[in-house]
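Comments concern the structure below.
The values are calculated or read from the model by the stated rules, or taken from the named source; none is laboratory data. None of the values given here were measured: they were computed from a predicted structure. We place every Cβ from the backbone using ideal geometry, glycine too, and count neighbours over all the protein chains shown. Each accessible area value is taken on the protein alone, full model and side chains, heavy atoms only, with ligands, DNA and RNA left out. Shrake-Rupley method; radii C 1.70, N 1.55, O 1.52, S 1.80 Å.
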Amino acid sequence: MTQAAPTGGLLRWQRARIAEIRTETPRVKRIVLMPSQPFHHFAGQHVDIRLTAPDGYRAQRSYSIASAPETTGAIELAIERLEDGEVSPFFHEVAEVGDEIEIRGPIGGYFIWTTAEGGPTLLIAGGSGVVPLVSMIRHHAAQASPSAMLLLYSARTRAEILFRDELLSLDRQDGGFRLIFAITRDGTDRRTGHIGRIDAAIIRDALDRLPEPPKQAFVCGSNAFVTAVTDLLVDDAVPPQIIRTERYGG
């Protein structure tokens, strides 16, 4: 059974200072926030962010947490710029280090993973859906978990892979984490990836690289991505009850 998630700040807004802004890809900024009150989360949870304009208008958006639970005093997010978004353009065009915003969380008790759950664990991400899975991977590494964990990550191009250097570094280490890329619009090397969208053959390759069938599978991405991948997993005899999903957008 999944351990209950911390909910102490679930309904309480607090101020958080922007401590760092970094460009991850042309469309994604990595944002480090310093909450004004203690903040503890599980890998896979998210926060709400609320912005208030001078005229009192408020905009709110949920973002997954990328930082590991072992990180104290800071929260790392990866925010993709959406052309019609109300919150993401602020972080890409307006926000500066030292600015304060409002946050609420951590939120979520279903799409989380702890080392106590063991493995093997299969993680499948599409685009920015990798963010909560990165928190799980970092938690796995911070605890030196011996259980097998594999990430299958679909991105349009190599330039759009989030946390690329960190993921490749963890894959090269003699630990339990392994990495597969599925790049849909340009080539990639065969050691860590495939060319094209995730299909039945790629799912089978990922499952074959685990030492035994997964104990749990996490899938995060757009609605269409999650639906397609979940169907492929079930078609390959992965029990539906071990699959946890998180969706964003339309």
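For the chain, the longest principal axis of the Cα atoms and the long axis of helix 223-235 meet at an angle of about 30 degrees. With all protein chains kept in place, the per residue accessible area of the chain amounts to 46 square angstrom at a probe of 1.4 angstrom.
The peptide list 235-248, 127-140, put in order of mean Cβ contacts within 10 Å with the highest first, becomes 127-140, 235-248. For the chain, carbon and sulfur atoms together expose 50% of the accessible surface, with a 1.4 angstrom probe and every protein chain in place. Spatially, the range 96-139 and the range 49-70 are offset by 16 Å when compared through their Cα centroids.
Among the chymotrypsin sites (Phe, Trp or Tyr not before Pro) within the range 93-127, those in coil by DSSP and having at most 13 neighbouring Cβ atoms inside 10 Å are Y110.
Please give the FRET efficiency for A201 paired with D55, using the beta carbon to beta carbon distance and R0 = 45 Å, rounded to the nearest 0.05.
Details: r = 54 Å, r/R0 = 1.19.
Rounded to the nearest 0.05, the efficiency is 0.25.
Using the Cβ-Cβ distance between R185 and Q241 with R0 set to 22 Å, the FRET efficiency from 1/(1 + (r/R0)^6) comes to roughly 0.05.
A full extension of the chain between E86 and T157 corresponds to an added length of 23.0 nm, given 0.36 nm per residue minus the alpha carbon distance. Residues whose amide H falls under 5 Å from that of Y153, counting only those 5 or more places apart or on a different chain, are A125, I180, F181, A182, with hydrogens built in the peptide plane. Backbone geometry of the range 93-98 corresponds, through the Karplus equation with coefficients 6.51, -1.76 and 1.60 at θ = phi - 60°, to 3J(HN,Hα) couplings of 10, 10, 4, 9, 4, x Hz, x marking Gly and Pro.
Per-peptide packing, taken as the mean over residues of other Cβ atoms within 10 Å, places 143-154, 173-184 in the sequence 143-154, 173-184 from highest down.
Computed from Cα positions, the angle between helix 131-142 and the longest principal axis of the chain comes to roughly 70 degrees. To the nearest 10, the accessible area of S169 is 50 Å² with a 1.4 Å probe. Roughly what % of DSSP beta bridges within the chain run antiparallel, to the nearest 5? In the chain, DSSP labels about 55 percent of beta bridges as antiparallel.
Tell me what the chain gives for mean residue ellipticity at 222 nm when only DSSP H runs of n ≥ 4 count, each as -39,500 (n - 2.57), the sum divided by the residue total, rounded to 500 deg cm²/dmol. Could you put the intermediate results ahead of the total?
On the way: 4 runs with 43 residues, N = 250.
Here the helix-only value at 222 nm equals -5000 deg cm²/dmol.
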